[in-house]
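Heads up: the structure comes next, in structure tokens.
Here, each number is a calculation from the coordinates, and none is a lab measurement. The structure presented is a predicted model; accordingly, all values stated were derived computationally and were not measured. Note: ideal-geometry Cβ built from the backbone for every residue, glycine included; neighbour counts use all protein chains shown.
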Amino acid sequence: MTPAIYLKPMWGNKMNAFSKLSLSAVVLSSAMLTACSDSDGGSDTPDTPDTETACADVGIKTGETLDGKEVCGLSGVITADATLTTDFIYQLKGIVSVGEGNNKLESDNDVLDVKDNGVTLTVEPGVHFRSEKGAALNITRGSKIMAEGTADAPIIMSSYDDGFDGTGEWGGLVVQGFAQNNKCNAADPCNLFGEGGVNYFGGDDNTDNSGSIKYLIITEGGFEVSPDNEINGLTLMSVGTGTTIENVQINSNQDDGIEFFGGAVNVKNLVLTGNNDDSIDWDEGFIGGLQYVLVTHPTGAGNGIEADNAGDSNDDLPMSNPRLANVTWVSDPAASQVWRFKKGTIGGIMNSAVVNADTCVLIEDTETMNQGTVNGFSGNVCDAATAAVENATGNGVNAATFDFNEVNVDVNAAYALTSNASVASGKPTEQNNTSFFEATNYVGAVEPGTAAADAWWAGWTLDGTL
């Protein structure tokens, strides 16, 4: 394995005093950024820094101090295992790639070589990344991120300036894996080019492991790479079930909160607040699961869910067919629809609630209706001004067909439902041969009767976002 690659610092402007970390808040942490880059997924090979300027084994000190800590600049490609501690504040400079799995793989031997030489980036609890436009963190296929924060010390990824009230001020976090994608030819190594300039991803192993992400906050991201091409807060490209993702908040992203491009990864305890396009987006054969998801959808945003099979194809295999359970959407009544299913996607939603919507579900085309999407819905409640379910012509569809209860829905300060709702028994059927879902006896992301201080999201999410 070659040694870690470093870049010389290309920045010289003095930075403002660091004030984003609250000494009293659990929001003391740090995070990871993902943005735009050149098509090669990294920068030209740089010189290795001398001992006096090196930091965290993979960075270069910028000469700045924020909140009593030196700033460690990260850039280029990290090609050896590394650990980021709370000794520094970390600033991503351009796209930072972990491993070299985003290069084009021409043969099975190339795939094996990338897996054998995978890199692990470990991020300790309480680390804070603060970055500017053009910055991103990309975990390439074959490598791993071990970003395991805690409720008392989450990891935070944000923009460089003070406060957490921006949007589109840096990129986001991209994780790429070797799981399946319906745009790949199974006979050849999969090489799909990822949006945002992060290069190649994909494979044929739905159990692929890209690491572990726990108690992570991603905020203020979604830098626009080009017109109508922003970065998602968290982008998961062909990520497999061996990856753990739980207790994650994605806040105020200019584009989608979280998007799945194929893969089979499962996500639990997800908070999506104030994201400006779709809160959840899936494409290209995603078959994972999500449980305990809380969404607050702002005025003028896109859809709560935008669901596709594969771009313009209704029939590519494997078909998008994820399962969601115990989700609560608190929507802007002006939003046209909360769940938007199209382009032949399948999928199912169970024991979930939509609060304050115009229309809860739009089945956009006949092909999607014919795929049997309707069979995956059970035990859901809808508080809609116009209709629970509409088809592409805007005509209402019998809500009972989708096992929707059309009722007034309210939530308490914990975002738990305050009114009774009919519960579907059991749990969703996994599409990815895992035992991910837990059976519950309630509808929504939070168990009714829970106080705000006792909710699973309390104490580690950003103050004022819920």
FRET efficiency, D365 to A385 (Cβ-Cβ, R0 30 Å, nearest 0.05): 0.80
Per-pair calculated FRET efficiency, R0 = 30 Å: T83 and A186 via Cβ, rounded to 0.05: 0.20
For peptides 159-169, 85-95, sequence by mean Cβ density within 10 Å, most packed first: 85-95, 159-169
Sequence-distant residues sharing a close amide H with G126 (under 5 Å, placed H): S30, T150, I155
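If you add up the charges near D316, with Lys and Arg at +1 and Asp and Glu at -1, over every other residue whose beta carbon is less than 13 angstrom from its beta carbon, what do you get?
On the way: positive: K183, K343; negative: D283, E284, D308, D312, D315, E367.
Result for the local shell: -4.
Per DSSP helix of 4 or more residues, -39500 (n - 2.57); summed, then divided by the residues of the chain. What does that give at 222 nm, rounded to the nearest 500? Please report the intermediate quantities before stating the final value.
Values: 2 runs with 14 residues, N = 466.
My calculation for the chain gives -1000 deg cm²/dmol from helical runs alone.
If you add up the charges near W457, with Lys and Arg at +1 and Asp and Glu at -1, over every other residue whose beta carbon is less than 13 angstrom from its beta carbon, what do you get?
Numbers: positive: K268; negative: E246, E447, D454, D463.
Net charge in that neighbourhood comes out at -3.
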Approximate spin-label separation D332-D463, in nm, with each point projected 7 Å along Cα-to-Cβ: 2.6
Residues whose placed amide H lies under 5 Å from that of A80, excluding near-sequence neighbours: A4, I5
Fewest-first sequence of L417, L216 by Cβ atoms within 10 Å of each Cβ: L417, L216
For N199, residues with placed amide H under 5 Å, excluding near neighbours: G194
Note, ³J(HN,Hα) from phi for the range 55-62, Karplus 6.51, -1.76, 1.60, rounded to Hz, x at Gly and Pro: 8, 6, 6, 10, x, 10, 5, 7
Per-residue HN-Hα couplings for the range 91-105 [Karplus 6.51, -1.76, 1.60; θ = phi - 60°; Hz; x = Gly/Pro]: 10, 7, 10, x, 7, 10, 9, 9, x, 10, x, 8, 6, 6, 9
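Of the listed pairs K183/K343; K183/K342; K61/K93; K69/K214, which have alpha-carbon separations greater than 19 Å here?
Details: K183/K343 14 Å; K183/K342 17 Å; K61/K93 12 Å; K69/K214 24 Å.
The answer is K69/K214.
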Phi to ³J(HN,Hα) by Karplus 6.51 cos²θ - 1.76 cosθ + 1.60 over the range 128-133, Hz, x for Gly, Pro: 10, 9, 10, 9, 10, 4
Mean Cβ neighbour count within 10 Å, used as a protection proxy, ranking 72-84, 339-351 highest first: 339-351, 72-84
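Which order do L324, L462, L317 fall in if you start with the one that has the fewest other Cβ atoms within 10 Å?
Details: L324 26, L462 21, L317 11.
Ranked by crowding around the Cβ, least crowded first: L317, L462, L324.
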